[in-house]
1. Restricting attention to the stretch 10-17, does a residue exist that is more than 30 Å from residue 204 (Cα to Cα) and in contact with a Phe, Trp or Tyr (Cβ under 6 Å, 6 or more places away or on another chain)?
2. Could you tell me whether any residue of the stretch 79-86 is closer than 24 Å to residue 65 by Cα and buried (at least 19 other Cβ atoms within 10 Å of the Cβ)?
3. Which of the residues spanning the stretch 134-151 are in contact with a strand residue (DSSP E or B) (Cβ under 7 Å, 6 or more places away or on another chain) and surrounded by fewer than 16 Cβ atoms within 10 Å (Cβ to Cβ)?
4. Can you tell me which condition residue 122 does not meet? The list is (1) buried (at least 16 other Cβ atoms within 10 Å of the Cβ); (2) under 17 Å from residue 241 (Cα atoms); (3) out of contact with any Gly (no Cβ under 6 Å at 6 or more places or on another chain), and all the others hold.
5. Give the stretch 106-131 a look and list any residue that's in a helix (DSSP H, G or I) and either within 20 Å of the chain's Cα centre (by Cα) or in contact (Cβ under 8 Å) with a residue 40 or more places away in the chain (or both), or say none.
6. Could you list, in sequence order, the residues of the stretch 179-221 that are farther than 20 Å from residue 243 by Cβ, among the hydroxyl-bearing types (Ser, Thr, Tyr) and either at pLDDT 65 or above or in contact with a His (Cβ under 7 Å, 6 or more places away or on another chain) (or both)?
7. Scan the stretch 14-23 and give yes if some residue there is touching a residue at least 12 places away in the same chain (Cβ under 8 Å), under 17 Å from the mean Cα position of the chain (by Cα) and part of a helix (DSSP H, G or I), otherwise no.
Amino acid sequence: MAVSLREYRARIKSTQSMKKITRAMELIAASRIIKAQQRAQAAAPYARELTRAVSAVATYSDVDHVLTTEPENPQRAAVLVITSDRGLAGAYSSSVLKEAERLVGRLTEEGKEVDLYLSGRKAEAYYRFRGRPVAHSWTGFSDSPTYDAAAEMGATLIEAFLNGAGGAEATDSEIAGVDEVHVVFTRFISMLTQEPHATRLLPLEVVEGVEQPEDSDLLPLYEFEPSAEEVLDALLPQYVVSRIYFCLLQAAASELAARQKAMKSATDNAEELIKKYTRIANQARQAGITQEISEIVGGVNALADANAGSD
């Protein structure tokens, strides 16, 4: 019983140490969620007005831009998968990867080849472990994305799309051309709800997201100088980058919310485990005490019987 009691006490001590770690991680995630939500809210007005400007230019001009032109026979698609760099976030990354696999399966059924562009070490490890080719990957900023990272992603994806729109692969880079660009990320709905979502970025579809203006809003009127083509050349890449940045911010808030929820669950489970081990340890200690008392009483009785027999 003494050995078993020592084992339970060691388990209680290790579980208490783990509980302190998970509790600290829960508090850190909770503090960072507020910052992530504030960053997403701060970026929303710029994205909203940029969407209205792009919608106005596309509506009031008859310009056929390469980023808005539907290919006649798309053969290749790029998929940007946004996951986390670190674990301990429950099913956050696995849910995104499942949504990405569904999208890849649908594109494959349509007869399209898929190039994978990854954000986050979890996605990188997932596809490299399975031997799947990866066109490009970015890591190190999943819980705190920057606009520079979004700009780099946007430039790479736009270059791949322009190479595909030109009918051939790039001559001065190793980026293969694609006919479509999709992004898979986790949309932050509330602290308790985060949903994986897949959307198409290119060819451009200004149809969804918080940036979309209300039906009752009137699109602004613009005078295009020097021309509508050059205005679209400047606006559309910025719009794509802003959409990617918005997806990164949504994914960051979702990751932190999932991590807080997972760490709270781990802390609660550790507390229950400590109670369970404490109860079992007390039972073992009481059983050991009872056994020792019984042995002492039995020894006293045996000694008394022996003395009585000798008399």
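1. Yes, because at least one residue in the stretch 10-17 is more than 30 Å from residue 204 (Cα to Cα) and in contact with a Phe, Trp or Tyr (Cβ under 6 Å, 6 or more places away or on another chain).
2. yes
3. Correct list: 134 only.
4. In the conditions (1) buried (at least 16 other Cβ atoms within 10 Å of the Cβ); (2) under 17 Å from residue 241 (Cα atoms); (3) out of contact with any Gly (no Cβ under 6 Å at 6 or more places or on another chain), residue 122 misses (2) alone.
5. Result: 107, 121, 122, 123, 124, 125, 126, 127, 128, 129.
6. Result: 190, 193.
7. Checked against the condition, which is being touching a residue at least 12 places away in the same chain (Cβ under 8 Å), under 17 Å from the mean Cα position of the chain (by Cα) and part of a helix (DSSP H, G or I), the stretch 14-23 yields no hits at all.
Matching residues to (1) among the aromatic types (Phe, Trp, Tyr); (2) within 30 Å of residue 106 (Cβ to Cβ); (3) at pLDDT below 80:
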{"position": "2", "(1), (2), (3)": "no, no, yes"}
{"position": "5", "(1), (2), (3)": "no, no, yes"}
{"position": "9", "(1), (2), (3)": "no, no, no"}
{"position": "13", "(1), (2), (3)": "no, no, no"}
{"position": "23", "(1), (2), (3)": "no, no, no"}
{"position": "45", "(1), (2), (3)": "no, no, no"}
{"position": "54", "(1), (2), (3)": "no, yes, yes"}
{"position": "63", "(1), (2), (3)": "no, no, yes"}
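The values are calculated or read from the model by the stated rules, or taken from the named source; none is laboratory data. What you are looking at is a predicted structure, and each value in this text was computed from that prediction instead of being measured. In this analysis, Cβ positions are derived from the backbone assuming ideal geometry, glycine residues included, and neighbour counts consider all displayed protein chains.
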